[in-house]
1. Please specify each residue of the stretch 262-285 satisfying the condition of being in a strand (DSSP E or B) and in contact with a helix residue (DSSP H, G or I) (Cβ under 7 Å, 6 or more places away or on another chain).
2. Of everything in the stretch 100-116, what is over 26 Å from R54 (Cβ atoms), at pLDDT 90 or above and not aromatic (F, W, Y)? Give them in sequence order.
3. Any idea which of A270, A275, A264 is surrounded by 14 or more Cβ atoms within 10 Å (Cβ to Cβ) and under 20 Å from N167 (Cβ atoms)?
4. Please list, ordered by first then second residue, the pairs with beta carbon atoms under 6 Å, 6 or more apart or interchain, first in the stretch 244-258 and touching a residue at least 40 places away in the same chain (Cβ under 8 Å) and on the phi < 0 side of the Ramachandran plot, second surrounded by fewer than 19 Cβ atoms within 10 Å (Cβ to Cβ) and among the β-branched types (V, I, T).
5. Of the conditions (1) modelled with pLDDT under 95; (2) touching a strand residue (DSSP E or B) at 6+ places or on another chain (Cβ under 6 Å), V89 satisfies every one except a single condition; which number is it?
6. Scan the stretch 16-48 for residues that are touching a Gly at 6+ places or on another chain (Cβ under 9 Å) and not in a strand (DSSP E or B) and jot them down.
7. Output the residues belonging to the stretch 286-300 that are more than 17 Å from the chain's Cα centre (by Cα) and open to solvent by less than 50 Å² (accessible area, probe 1.4 Å).
8. Can you pull out the residues in the stretch 286-302 that are in a strand (DSSP E or B) and either at pLDDT below 95 or closer than 12 Å to P212 by Cα (or both)?
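The values are calculated or read from the model by the stated rules, or taken from the named source; none is laboratory data. Since we're looking at a predicted model, the values are computed, not measured. We place every Cβ from the backbone using ideal geometry, glycine too, and count neighbours over all the protein chains shown. These area figures cover heavy atoms from the full protein model, side chains too; ligands, DNA and RNA do not enter into them. Shrake-Rupley method; radii C 1.70, N 1.55, O 1.52, S 1.80 Å.
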Amino acid sequence: MATAIDSYPNAKDGSSPLDIVPITGRIGAEIRGVQLSGDLDAGTVQAIEAALVRHKVIFFRGQQHLDDAEHEKFAALFGDPVAHPTVPVAQGSSYLLELDSKEGYAASSWHTDVTFVDAYPKGSILRAITVPEAGGDTLWANTETAYEGLPEPLRQLANTLWAVHTNDYDYAAQFGVTKDAPAGAQSREAFQRQVFASTVYETEHPVVRVHPVSGQRNLLLGHFVKNFVGLTQKDSQALFNVLQDQILKPENVVRWRWQAGDVAFWDNRATQHRAVADFGLQRRTLRRATVNGDVPVGIDGRRSHTRRKEKQAAPASA
């Protein structure tokens, strides 16, 4: 049987009615000639969804006509759009998350969106509004080909592991914030603690998830992982580094250089991503819609479950 690595196309995708051009040999494709909207016909929607599962992240250039309302309508073609569980929606929208980097900050750590809840989003749709003249690219990694590439002993070990994912972690360490950091970085760290973790979640997921559409296995990790069930923090970190490094091999990664009006749509069930925070004080503004997902299933049939959901007390005012 062909593996995900063996079967991935490295030439123009002729199996789809869409004009699809893969970007790398394992992940990423640009779809040309489609004007995104909430009124696309069923055949086009089906073809886009098939391309998403096959290529993991798909890109559309020249979508400047999209506004927030049309962005949300487009997302609704693929399922139920959902707001972020803790961060307020962008002003004037119903579901969109605004990523507005005024102080050169970006989510520059590898992650899968919102894995601290059980049924985390199946897909995310990111629209570029303002982009830096240079820098601010985004990277995506294919977690299916990462799993396929594991040596057999590591693959067998990964098959047995479960991990605790949480949104309550050391933000200062994660983003390199110190007491001497610029005020913008410190305010971002405070935002993370007071808003992002205003409700603390802890969820157990299988480290190897079975994709609900393709049936392929993939590694479910990223920066929300706190520890592996049954292992100490020290052992968890060492093993996490080994498995995470497999995901981040250059062969599994695609890099996208943004232009204003670009849209990226990724399968959040089979990828990780990170922004590259190399754009200094340039403005970088994007808005993201997410589509509700299902509860992951491991290879033994067990499902993820949330073990903690706790609203935090508001910080005392000065």
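1. Correct list: F265, D267, T271, Q272.
2. Across the stretch 100-116, the qualifying residue is only S109.
3. A275
4. V254/I23; V254/T24
5. Going through (1) modelled with pLDDT under 95; (2) touching a strand residue (DSSP E or B) at 6+ places or on another chain (Cβ under 6 Å) one by one, V89 breaks only (2).
6. Correct list: P17, L18, Q35.
7. Of everything in the stretch 286-300, those that are more than 17 Å from the chain's Cα centre (by Cα) and open to solvent by less than 50 Å² (accessible area, probe 1.4 Å) turn out to be V297, G298.
8. Correct list: V297, G298.
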